[in-house]
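Here is the structure we will look at.
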2 protein chains.
Amino acid sequence: MAQKPSIPKGTRDFSPADMRMRNYILSTIRDVFLLYGFKQIETPAMELMTTLMGKYGEEGDKLLFRIQNSGEKANEAPEKGLRYDLTVPFARYVVQHREEIAFPFKRFQMQPVWRADRPQKGRYREFYQCDVDVVGTDSLLCEAELVQIVESVFSRLNIRVCLHLNNRKILAGIAQTIGAPDKIVDITVAIDKLDKIGIDKVNEELIERGLSQEAVDKLQPILHLSGTNEEKLDAIGQLLAGSEIGTKGVEETRYILSLCQEVGIKMPVELDLCLARGLNYYTGAIFEVKALDVQIGSITGGGRYDNLTGIFGMPGVSGVGISFGIDRIYDVLDTLHNYTIDNDQSRTQVIFVAMGEAEQRYSMRWACYLREQGLRVEVYPDVAKMKKQLGYADANNIRYVAIVGSNEMASNQVMLKDMIEGEQELVSQEELIHKLQSK
Amino acid sequence: MAQKPSIPKGTRDFSPADMRMRNYILSTIRDVFLLYGFKQIETPAMELMTTLMGKYGEEGDKLLFRIQNSGEKANEAPEKGLRYDLTVPFARYVVQHREEIAFPFKRFQMQPVWRADRPQKGRYREFYQCDVDVVGTDSLLCEAELVQIVESVFSRLNIRVCLHLNNRKILAGIAQTIGAPDKIVDITVAIDKLDKIGIDKVNEELIERGLSQEAVDKLQPILHLSGTNEEKLDAIGQLLAGSEIGTKGVEETRYILSLCQEVGIKMPVELDLCLARGLNYYTGAIFEVKALDVQIGSITGGGRYDNLTGIFGMPGVSGVGISFGIDRIYDVLDTLHNYTIDNDQSRTQVIFVAMGEAEQRYSMRWACYLREQGLRVEVYPDVAKMKKQLGYADANNIRYVAIVGSNEMASNQVMLKDMIEGEQELVSQEELIHKLQSK
């Protein structure tokens, strides 16, 4: 036999078992989005290079996959590239279709994206993103609603999580207050690493990045804030009292937390002043969600951006959104092991095993009737040995096997075998339906 | 404002309204596939060029989109291409994962494919395919099951269709019988056009393609066959009596039709000896489905192939499958106009319109409770004029608006406005839930 075929590195095939779990995750998330009135859109896999270039920084530009028509000469620059995320195509969509859209526009989008990253464990060149955003309003109700969505999704998936919350305006206030307003990026990049490298290394890095010793000293009480969210907000509020933007950030955060309380959020929500995330386009709240029982980093994140559509010539549209990391959520569920999908709608409920051609016809008639009752039914297509047919049922996790021989046909019954309990009994059509529907 | 951004030609954005209909079509089809025990898989958007090249003929090779990493030099031949159909990736999947698969393998797959075709009305460079196949058995029960699936899908979608049926073995038998066994491709390509160009032009083309006048004369009675399927099968059976393969084709077709009768197929199934379709890999039954009330060509098609995995070094795996043309099905539904989705699960059921900040908080608490009852609820995020908020409800086809002012809060009610009937009434939380759940 020739060499086995394969697929490009960094890409994956999804088997029926994978798909069962992925569909379960996606449909759980979709159901929650719909409860909140979000509307689904899809954009093309390929976008014009003019849409993509310069939107993801220099590093991002290098990770774009470019697409060549056969018509294009090899040395021509390709005019199209594969979708790199769902945010830039969404901004492009809003600007392109602004006349058709009734703002505020609540949209969600679940599609694959492609990045020419070096493949490694947990990092793929093709992966799904699952984004939910509201654009066209700066109301903080939207932030609270996204927190509710996070809680709802992970409670339905039985994943215990903590939501970390920050605000870009607080970060700006900090930079201003310690006398380094132009160093906000450097400060956040450094303090974002506090968990990983510790306070001393962070301080070293701050000096390397050009902060004065005085500024670093002033930053220390902020890095050491502790206590409840209320206590932290009181403390940072006092520290930033002289900064208008910082004070605004504190107020916004208080309001979001009070709305969360209003709607009875139960998951831990923690004010985390070291949280930065893709700071460059966030302008208000910043979110990050971490699983409590699995060490895997962030599984969902997002924030408010005040000028995303500005890059396409439509300024002044504020928005806020979060993105669920499907692949990591899958890994969390996979790690938690004890995971089973309740009421799995994708598994065959009964398979007919027929001992001859007449039995097959009889089975097909029964199967037809059972499907009309909404039951998921297979008829083994070949007249094969019983052992082979039962082996198929077993390999496909089909619990019930309806065995049909001439006796069963004569009495208008089937011999129903329970592959888990090992029992078997003769049943009529109505008994079979009742049995399967009650499981 | 800068020039509006756009998307590559031949690609499309799907709006919320488009997605509602597309999701409805896809979930209808998926539900039917699951009733028959088919399992979903997904394959990567990009395949190795070695997997794709030479599988779609010379024309197909030219229509492949090639993918360049930024790491690749412009003059290097790209090693990856975009998926061109779902059949070749499926064959690749079966061979690559053969040790994990329990045959017969019943799979379905719903994913976009890409072709660098010249874009025109109804032809896109990115479009969805929706394929269902059984591989690893040559049982004709599978053909019958596919016919059942076709009937089920289109009856659920309320599209009246006719299924056209032929068999590659009958076509081979015809070529043999008229003395031109090596001309089977030429014969079928020509007679495939009978509907469009008429019998005289077909006969001219047959001569041009190198058939003798004698062969063309012998073909005439076959082209003029009419009557019921039974009558046609009797006639062609007699004409092909001297051809072993032709006789086999007639027998297979009889058996498939008898199974269709057994399970009570009600849609018209018509034996169509001029049906050929991608003849090169079909070896048995050939299917094509046409809408009866819209002129749009084939909306679903497929057939049996005995050696699809042979191209990847795994011979002897027989399979049969069909592909639903989602875009054309969408166009049919769009043309039929009177089309509405029953029990649409993606539309918001009630939106809260609040006249101030306290009213917003009250609305968010109510919304939270309603969503726990499974209702789809929005809270308008801004404290805006009533007219603006009602305009949003209207633009988003939300029937019920719950208006909250200080009086409603005082009495623990909302003023519920029916945007269709124009009526409004004060209702309690339980009354509101009951009203929405009963709609």
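Results for (1) touching a residue at least 24 places away in the same chain (Cβ under 8 Å); (2) assigned to a loop (DSSP other than H, G, I, E, B); (3) in the same structural domain as A:A180 (by TED's automatic domain parsing); (4) closer than 20 Å to A:V320 by Cβ, shown as yes or no for each residue.
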{"site": "A:E205", "(1), (2), (3), (4)": "no, no, yes, no"}
{"site": "A:G237", "(1), (2), (3), (4)": "no, no, yes, no"}
{"site": "A:A241", "(1), (2), (3), (4)": "no, yes, yes, no"}
{"site": "A:F287", "(1), (2), (3), (4)": "yes, no, yes, yes"}
{"site": "A:G301", "(1), (2), (3), (4)": "yes, no, yes, yes"}
Taking region A:345-365 and keeping only residues that are over 19 Å from B:V134 (Cβ atoms) and within 10 Å of chain B (Cβ to nearest Cβ), one is left with A:Q345, A:Y362, A:R365
Members of region B:98-145 found to be more than 9 Å from chain A (Cβ to nearest Cβ) and among the acidic types (D, E), listed by number: B:E99, B:D117, B:D131, B:D133, B:E143
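Report whether or not B:K196 is free of Cβ contacts under 8 Å to residues at least 24 places away in the same chain, under 28 Å from B:T87 (Cβ atoms) and assigned by TED's automatic domain parsing to the domain that holds B:E59.
Against the criterion (free of Cβ contacts under 8 Å to residues at least 24 places away in the same chain, under 28 Å from B:T87 (Cβ atoms) and assigned by TED's automatic domain parsing to the domain that holds B:E59), B:K196 qualifies.
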Cβ-Cβ under 8 Å pairs, at least 6 apart or on other chains, region B:401-426 side on the phi > 0 side of the Ramachandran plot, far side outside any helix (DSSP H, G or I): B:N412/B:S428
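Here is a yes/no grid of residues against (1) acidic (D, E); (2) in a loop (DSSP other than H, G, I, E, B); (3) open to solvent by less than 20 Å² (accessible area, probe 1.4 Å); (4) within 21 Å of A:F103 (Cβ to Cβ):
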| residue | (1), (2), (3), (4) |
| --- | --- |
| B:R347 | no, yes, no, yes |
| B:I351 | no, no, yes, yes |
| B:R361 | no, no, no, no |
| B:W366 | no, no, yes, no |
| B:L370 | no, no, yes, no |
| B:G374 | no, yes, no, no |
| B:V383 | no, yes, no, yes |
If we scan region B:416-439, do we find a residue that is at the interface with chain A (Cβ under 9 Å from one of its Cβ atoms), part of a helix (DSSP H, G or I) and open to solvent by 10 Å² or more (accessible area, probe 1.4 Å)? no
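Would you please name the residue that is nearest to B:Q96 (Cα to Cα), looking only at residues in region B:305-322 that are of a type outside the set (A, V, I, L, M, F, W, C) and open to solvent by 30 Å² or more (accessible area, probe 1.4 Å)? Can you show your working first?
If we filter region B:305-322 for residues that are of a type outside the set (A, V, I, L, M, F, W, C), which is where we start, we get B:305-307, B:309-310, B:313, B:315-316, B:318-319, B:321.
Checking the rest, the ones that are also open to solvent by 30 Å² or more (accessible area, probe 1.4 Å) come to B:306-307, B:315-316.
Values: B:D306: 18, B:N307: 16, B:P315: 13, B:G316: 15 Å.
So the residue we want is B:P315.
Here is a yes/no grid of residues against (1) outside any helix (DSSP H, G or I); (2) free of Cβ contacts under 8 Å to residues at least 40 places away in the same chain:
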site: A:V216; (1), (2): no, yes
site: A:L219; (1), (2): no, no
site: A:S226; (1), (2): yes, yes
site: A:D234; (1), (2): no, yes
site: A:L273; (1), (2): yes, no
site: A:V294; (1), (2): yes, no
Which number in (1) modelled with pLDDT of 95 or more; (2) surrounded by fewer than 20 Cβ atoms within 10 Å (Cβ to Cβ) marks the one condition that A:S226 misses? (1)
Tell me yes or no: at least one residue of region A:260-273 is assigned by TED's automatic domain parsing to the domain that holds A:G122, among the polar types (S, T, N, Q) and over 25 Å from B:Q360 (Cβ atoms). no
Could you tell me how many of the residues in region B:229-273 are of a type in the set (S, T, Y) and either open to solvent by 70 Å² or more (accessible area, probe 1.4 Å) or more than 29 Å from the chain's Cα centre (by Cα) (or both)? 2
Can you name every residue in region A:287-304 that is open to solvent by 10 Å² or more (accessible area, probe 1.4 Å) and farther than 13 Å from A:L146 by Cβ? A:K290, A:A291, A:L292, A:D293, A:V294, A:Q295, A:I296, A:G297, A:S298
Which residue is surrounded by the most Cβ atoms within 10 Å (Cβ to Cβ), if the candidates are limited to region B:104-117 and must be in contact (Cβ under 8 Å) with a residue 40 or more places away in the chain and in a loop (DSSP other than H, G, I, E, B)? B:R115
With region A:1-97 as the region, which helices (runs of 4 or more DSSP H) entirely inside it contain at least 1 residues that are within 7 Å of another protein chain (Cβ to nearest Cβ) and crowded, with 19+ Cβ neighbours inside 10 Å? A:16-35, A:49-52, A:87-96
Need pairs with beta-carbon distance below 9 Å; first residue part of a loop (DSSP other than H, G, I, E, B) and within region B:161-178, second of a type in the set (G, A, S); sequence gap 6+ or separate chains. B:I178/B:S212; B:I178/B:A215
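The values are calculated or read from the model by the stated rules, or taken from the named source; none is laboratory data. Predicted model only: the values in this text are computed from it and were never measured. Cβ: placed from backbone, ideal geometry, glycine included. Neighbour counts: every protein chain shown. Side chains included, ligands, DNA and RNA excluded: accessible areas come from the protein's heavy atoms. Shrake-Rupley method; radii C 1.70, N 1.55, O 1.52, S 1.80 Å.
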